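Input: a single structure, listed below in structure tokens.
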Amino acid sequence: MNSVTITPVTGKTATRNITAITTDSKTASATTGSREKSTTANSQTTPPITKPYPRRPFGLADIPRPGSSFYEFRESLKRAIKERHTEYLRAIADPNIRLSFGPPMRLDDLGIDSPSSLFWKRLERVVNAPCGPRLDSPTDVYGNPQEWACPSAIEIQQIDSSPYDPFIDVFIVGDVVNVRMAPNPNSVVIGTLSYEVVKSDPQGFNQLSERQLQLLETYEGWRPIIMPSGKRGFVSSRYAFSAVGYRAFFKNEGQGWYMTVFVTGD
């Protein structure tokens, strides 16, 4: 067996190595509740333009090889998530799994017994994201990494020899991904992005309802971003990943694969 290459995919070659679906999700939800704050989320008013910046092509490669141990484990985990298989999840959760940067939490604190829990939606997005080996991962006798991160954005150190800001930069994983004026699938398309790093738009979060903020890191969410042109808009969270967003770490501890971390923030 050959060792796994950790080198990120950049430029046009990214389109041959990334398996993410392209364009934005037509099923993204913009549902709001009676207790949610008032919002202009569906407004078609053009957001103000900010200072342009250079485009930064950069693709997150999904590195697990079909047939490899981690690949097969992840496929099983995907099926378990789809079926809301709580017993499987409990079985692959490390006894000391880290679920918070604050007080210790348990899986039960995340409501995993409820099929509609946001936990399942967030984990689904993470596990289906491009995954890569941890930079300091030990390897087996064949050179295969024994620790993986999903999404692999958490392991990126620099882009084109320049450092990046994990709190500002957002990885767009997809070809010709729509950028919309407002956070809903029927809003006007104001541009497209393809396998590149863009800036998060702090002001855009003010346009999201409380429910939309909860759904931010699920397939139903919308990420406020600033395009290289300076235009502000929203991208389906299906295609937008942050290094400090929800992520999961997995480790082969000799008896099989375990999820050791599932956190957000820093």
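The values are calculated or read from the model by the stated rules, or taken from the named source; none is laboratory data. Worth saying up front: this structure is predicted, and the values here are computed from it rather than measured. When we count neighbours, we look across all protein chains shown, and the Cβ atoms used for this are built from the backbone with ideal geometry, even at glycine. Accessible surface areas use protein heavy atoms only, side chains included; no ligands, DNA or RNA. Shrake-Rupley method; radii C 1.70, N 1.55, O 1.52, S 1.80 Å.
Listed values, structure above:
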| item | result |
| --- | --- |
| Residue tally, condition out of contact with any strand residue (DSSP E or B) (no Cβ under 7 Å at 6 or more places or on another chain) and among the hydrophobic types (A, V, I, L, M, F, W, C), over region 140-168 | 3 |
| Region 85-105 - residue that is touching a Lys or Arg at 6+ places or on another chain (Cβ under 9 Å), open to solvent by 30 Å² or more (accessible area, probe 1.4 Å) and at pLDDT 95 or above and, of those, farthest from PHE249 (Cα to Cα) | HIS85 |
| Region 120-133: number of residues that are over 26 Å from PRO145 (Cβ atoms) and not basic (Lys, Arg) | 1 |
| Test: residue in region 130-142 that is small (Gly, Ala, Ser), touching a Cys at 6+ places or on another chain (Cβ under 9 Å) and either open to solvent by less than 10 Å² (accessible area, probe 1.4 Å) or closer than 30 Å to GLU72 by Cβ (or both) | yes |
| Residue within region 112-125 that is open to solvent by 10 Å² or more (accessible area, probe 1.4 Å), aliphatic (A, V, I, L, M) and either without any contact (Cβ under 8 Å) to a residue 60 or more places away in the chain or part of a loop (DSSP other than H, G, I, E, B) (or both) present | no |
| Subset of region 54-92 [assigned to a loop (DSSP other than H, G, I, E, B) and either touching a helix residue (DSSP H, G or I) at 6+ places or on another chain (Cβ under 9 Å) or among the hydrophobic types (A, V, I, L, M, F, W, C) (or both)] | PHE58, LEU60, ALA61, ASP62, ILE63, PRO64, ARG65, PRO66, ARG84, HIS85 |
| Answer residue from region 126-149, given it is hydrophobic (A, V, I, L, M, F, W, C) and not in a helix (DSSP H, G or I) and is farthest from LYS82 (Cα to Cα) among those | VAL141 |
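To keep it simple, each residue is scored yes or no on (1) within 29 Å of VAL189 (Cα to Cα); (2) touching a Ser or Thr at 6+ places or on another chain (Cβ under 9 Å); (3) modelled with pLDDT of 95 or more; (4) not aromatic (Phe, Trp, Tyr).
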{"site": "ALA30", "(1), (2), (3), (4)": "yes, yes, no, yes"}
{"site": "GLY33", "(1), (2), (3), (4)": "yes, yes, no, yes"}
{"site": "PRO54", "(1), (2), (3), (4)": "yes, no, no, yes"}
{"site": "GLU83", "(1), (2), (3), (4)": "no, no, yes, yes"}
{"site": "ASP113", "(1), (2), (3), (4)": "no, yes, yes, yes"}
